[in-house]
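Notes follow once the structure below has been shown.
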Amino acid sequence: MKWRRRFEEDMDAELRFHIDAYAAELMRSGLSPEEAQRRARLEFGSVEARKDECREAWGLRFIDELCADLRLTARLLRRSPGFALIAILSLGLGTGANTAIFGVLDSVMLRSLPVRDPNQLVFLHVAGTAGRDGPPYPLFQLIRDQAKSFESVAAFSPSAIELRTSQGRESVRGLWVSGNFHETLGVRPILGRTLHASDDPAAGQAPDGAVVVISDAFWRQRFGGDPAIVGRSVEVSGRGATIIGVIPMRMMSLEPGSAVDLAAPMALSDPAKMQDRTSLWLGVVARLNPRIRPEQALAETRSLFAGYMAETRVSDPIRQLLFQRAEMTPAGQGLRGLRRQFEKPLVVLTVLAGLLLLAACVNVSSLLLARATSRQTEFAVRLAIGASRARLVRQSLTEAFVLAALGMGLGCLVARTGQDALTMFLAQSGDPIVLDLSLNWRTFLYSGVLTALVTLAMGLLPALRVHGQSPDAALRGARGTAGRVSIRLGRGLVTLQVALSMVLLCGAGLFVATLRALSAADLGFTQEGLMTMEVTPERDWFGTERWLQAQAEILDRVGRIPQVRAAAWATMVPMTGRDRGAVLDVPGYRPTSETDKHIHLQAVSPEYFETAGVPLLWGRRFSARDNGSAPKAAILNDTAARFYFGRQSAIGRKIRFTNYAAADLEYEVVGIVKDSKHNNPREAAVRFVYLPITQSVDRVNRLTLLVRCDGDAAPLAGPVSEQVREARGGLLVAKVATMETLVSRTVAKERLMASLATAFGIAALVLACIGLYGIVAYSVSRRTREIGIRVALGASTGRVVGMIMNEAIVLCAIGVAAGLPAAYLLARLSRSLLYGVEGLSPLAAGVAAGLLLACGVLAAWAPSRRAISLEPLSALRRE
Amino acid sequence: MAKAGDLLQGTLEMLILKALSLNPLHGYGILIRIQQLSGERLQIQQGSLYPALYRMEARGLIVPEWGESENNRKAKFYRLTPAGKKQLKQETAAWSEFSAAIAGILDASEAPS
């Protein structure tokens, strides 16, 4: 600014000096001072024009013109606040939705882990025909000690860990890690230190004793951000330990989005698992030696694996399934858990948001077109006095750019709220999600490109169209060609908008139908009025008589609460994602593959089926008589019974478990129950076997308590947990949730799609309405004379209204027809996300079309009323 | 695509460079000097001088400095930069070639009498 002023002053002084010098010379040759000045000025020529040329030489002209354009745009927008508001709102909505979804997409799918050199990290697996899984602990030890291709190798295993602090016992989200885990990742602590390799061997021999690390979120939430946290003593999994450091939550685990409270050395967990040569419970991450190529590292890993397997006893079928070879996968972006779940929905949502933005752009574009057309005279005058067409196009683009920029500004606010809502949605599918939503260069680039595209999309078309007209025709006031062409263009744009809205509305219909079908799906048990909670006794109670007695006592106490109708225990409940498998041998059944022998296993108390509402099909339920000394009884579900026994009755037949450490266990089938869905409402039924808790195949530790209530189960959470705690102190109650909550968590994805698609659909509908209104109003204003003539010649108001409505409805119909194939295509592409709907149904399409046609009628309402209230004479006189 | 004005513009710049090659001058001084050197045979349009000066300054051929004129008024003097000197040499050489070529054509078209 100051520089500019200086420049102008200097230039002015310089030119004035020149004129004065020339005047002085003229005075010397005899002219009077005034005459000399006049002659000097005349001969110099137009000072302003010269100044302009000087400014142009310095490139200042462009800036001046830009500022002038911006000022003009500001004035124009201020004069039509309604248009500005609609434009900025629609653009804000469109860009905000896009930015929000892209931000989440980026965080879930594109970001690398916030660790040192993430591209040098790899995961190590063992693999076979059944897929990939983490290697057993002894294999991990072998690779860690002997492999030269890796700088370091670390292991981890997510698990619920029991923590006892001065405030009591609780179950926290934990991660068992090898001592060098944090060093391998290159993570820095906020307080204290991270775990070191020396903390690893049997804890207690480590220099600082058993140590653990907590996340910053947990530190703030549980310990109130206590600055003296380092050195605090706690009890982890029954053993004493010291908190040695605090790490940011994002860096605690390798799964983006997962929340981890505590990281503890593996030595504090179950030592038996660490000796097992075939147990797959770990994940292994390794940092490649930068001097070694990845292929070499893989080769070395494979040869170590071969050596390991030569010394390991494992049955051939298992070897085929899981231990055929070692594999290495890149770990730069972490584990795929969250990504796998939300990849497809996020991509579909990005497409939908893109369509919405396109609809908004089309909307604003047609509005800009209408405005430009009404400024014909102004453009003609400017062209006539010397502006170039490029200059006028630049001005129109500036107007579009300002709208786009303001829209994006609003969009940023929309995006912030949208992202928070999205994260909340993702979180409902289980534990809360911790997403790193900070802005990075990718989001900035995306926003920038989006703004540029939006500006071009909106502004170029009207600008080019209008400026193609010759100025003299416009000055003469002929409204023929120019107006007609732009109205045709305007109609095209509105039709496009209606088509886009059709696609979005159909999409909304599809996802809403999916959600409803899922909600109504038969789960095989009754989800209403069912309360669940996990109860964990002290470690030394596992599998003891005392625990069994406590179970019976708790059922008794809970049963006495007024609204409770039934209560039961189970090792796990549906819809929590927990699973337990077993291998069966069924005499009389010949399996065709190893997987045929697999079955899901659950141990339950006798009241389970009644409490959960699972109907008994044949035989009998468990009773108190099925205890430790009685003959072993088992119950199969329908799918299992038909699979193993075909049409014959399964009752009385024997089955045998073959994968447990104890001697082969033979059970008699005493009952068959209806199938129930286990992981989520979508899946097909799987084979299930139920055993009594008293006759379980192995030690029973943690159990889930189920309570059936009259009416809503939520208010009973408090009374039931109280009874549990009063029965025995020292019982840990966790994960209290109604079955309805658990079920709804499993359909979080579908609910997300349905809600957002509906929101987009409604927004698209509103935009279509505005667009239709704009074009019909404009069309009516152009046909004022024609309408006046018609009325003067005797047309009834009905005919006039019908004429106007007709225009709107025809536009809608064409738009609907154009959008139908695209909607059908969208349905096909999203097939894997749908449930209970086979692509686009005629009903959904019909409803969407109906809504849009109603929109058209609504949009034409106001203009048609204005048309019939016209006085024919004044209409005829209007130009 | 050079218009007739462009050709003149190039020539004007060359003349300005030559005028400044002797010593720094302000705009009016440049005008006087060119007229002097041409023996009053060349009249430069006054207004076109300053846009040319600003262009040349933007290209780095000349550099301004404020000083005092003969009658002690503040004036903006211009001075050649090394780039400007180089440009003057190049343009002078090009002009000589150009005028030699034109002279060659004009001489050749004289019919033998």
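What to note about this one:
- The residue that is surrounded by the most Cβ atoms within 10 Å (Cβ to Cβ), counting only those in region B:61-75 that are among the hydrophobic types (A, V, I, L, M, F, W, C) and out of contact with any Phe, Trp or Tyr (no Cβ under 6 Å at 6 or more places or on another chain), is B:Leu61.
- Output for region A:126-156, where each listed residue is within 30 Å of the chain's Cα centre (by Cα) and modelled with pLDDT of 90 or more: A:Ala155, A:Phe156
- When residues of region A:20-61 are limited to those that are of a type in the set (S, T, N, Q) and over 19 Å from B:Tyr50 (Cβ atoms), the one least open to solvent (accessible area, probe 1.4 Å): A:Ser32
- Of the listed requirements (1) over 46 Å from the mean Cα position of the chain (by Cα); (2) of a type outside the set (Gly, Ala, Ser); (3) modelled with pLDDT of 85 or more, A:Tyr644 misses just one: (1).
- Within region A:438-457, residues that are over 19 Å from A:Pro114 (Cα atoms) reach partners that are open to solvent by 50 Å² or more (accessible area, probe 1.4 Å) with beta carbons closer than 6 Å, at six or more positions or on different chains, in the pairs A:Thr455/A:Phe401.
- Residue identified as at pLDDT below 90, closer than 25 Å to A:Arg16 by Cβ and more than 14 Å from every other protein chain (Cβ to nearest Cβ) among B:Asn23, B:Asn72: B:Asn23
- A residue that is open to solvent by less than 20 Å² (accessible area, probe 1.4 Å) and over 23 Å from A:Ala23 (Cβ atoms) can be found somewhere in region B:38-56.
- Members of region A:774-800 that are part of a helix (DSSP H, G or I) and open to solvent by 40 Å² or more (accessible area, probe 1.4 Å): A:Tyr778, A:Ser781, A:Arg782, A:Arg785, A:Glu786, A:Ile789, A:Arg790, A:Val791, A:Ala792, A:Thr797, A:Gly798, A:Arg799
- Counted residues, region B:52-109 - those being in a helix (DSSP H, G or I), touching a helix residue (DSSP H, G or I) at 6+ places or on another chain (Cβ under 7 Å) and within 18 Å of A:Glu14 (Cβ to Cβ): 6
- Test result for A:Ala217, buried (at least 16 other Cβ atoms within 10 Å of the Cβ) and under 27 Å from A:Pro138 (Cα atoms): no
- Residue match in region A:828-839 (condition: of a type in the set (Phe, Trp, Tyr) and outside any loop (DSSP other than H, G, I, E, B)): no
- Matching residues in region B:31-58 - criterion: being within 12 Å of chain A (Cβ to nearest Cβ), touching a residue at least 12 places away in the same chain (Cβ under 8 Å) and out of contact with any strand residue (DSSP E or B) (no Cβ under 7 Å at 6 or more places or on another chain): B:Leu31, B:Ile44, B:Gln46, B:Ser48, B:Leu49, B:Tyr50, B:Ala52, B:Arg55
- Given (1) without any contact (Cβ under 8 Å) to a residue 40 or more places away in the chain; (2) open to solvent by less than 60 Å² (accessible area, probe 1.4 Å); (3) within 23 Å of A:Thr514 (Cα to Cα), index of the condition A:Pro821 fails: (2)
- Scanning region A:297-331 for residues that are small (Gly, Ala, Ser) and either farther than 29 Å from A:Thr658 by Cα or modelled with pLDDT under 85 (or both) gives A:Ala297, A:Ala299, A:Ser303, A:Ser315, A:Ala331.
- Any hit, region A:334-343, residues being of a type in the set (Gly, Ala, Ser), over 26 Å from A:Ala759 (Cβ atoms) and part of a helix (DSSP H, G or I): yes
- Residue match in region A:274-292 (condition: modelled with pLDDT of 85 or more, of a type in the set (Ser, Thr, Tyr) and surrounded by fewer than 18 Cβ atoms within 10 Å (Cβ to Cβ)): no
- Top-ranked residue in region A:320-348 [being open to solvent by less than 40 Å² (accessible area, probe 1.4 Å) and either within 10 Å of the chain's Cα centre (by Cα) or of a type in the set (Asp, Glu) (or both); ranked as farthest from A:Arg828 (Cα to Cα)]: A:Glu327
- Look at region A:167-185: where a residue is without any contact (Cβ under 8 Å) to a residue 60 or more places away in the chain and a partner is surrounded by fewer than 24 Cβ atoms within 10 Å (Cβ to Cβ) and hydroxyl-bearing (Ser, Thr, Tyr), sitting 6+ places away or on another chain with Cβ atoms under 9 Å, you get A:Asn180/A:Ser152; A:Glu183/A:Ser152.
- Yes/no for B:Leu15 being assigned to a helix (DSSP H, G or I), in contact (Cβ under 8 Å) with a residue 24 or more places away in the chain and not polar (S, T, N, Q): yes
- In region A:485-514, the residues that are crowded, with 22+ Cβ neighbours inside 10 Å and either β-branched (Val, Ile, Thr) or closer than 30 Å to A:Lys674 by Cα (or both): A:Val494, A:Thr495, A:Val498, A:Val503, A:Phe511, A:Thr514
- Restricted to strands (runs of 3 or more DSSP E) entirely inside region A:529-590, those with at least 2 residues that are modelled with pLDDT of 90 or more and buried (at least 19 other Cβ atoms within 10 Å of the Cβ) are A:530-536, A:564-570.
- Only helices (runs of 4 or more DSSP H) whose full extent lies in region A:1-117 are considered here, and the ones with at least 3 residues that are more than 14 Å from every other protein chain (Cβ to nearest Cβ) are A:2-28, A:33-44, A:60-79, A:81-105.
- Of the residues making up region A:853-864, not a single one is under 30 Å from A:Phe342 (Cβ atoms), open to solvent by less than 80 Å² (accessible area, probe 1.4 Å) and of a type outside the set (A, V, I, L, M, F, W, C).
The values are calculated or read from the model by the stated rules, or taken from the named source; none is laboratory data. It should be emphasised that the depicted structure is a prediction, and the values quoted were computed from it without experimental measurement. Because the Cβ atoms are built from the backbone with ideal geometry, glycine has one as well, and the counts that use them run over all protein chains shown. We work out accessible area using only protein heavy atoms, side chains counted, and drop any ligands, DNA or RNA first. Shrake-Rupley method; radii C 1.70, N 1.55, O 1.52, S 1.80 Å.
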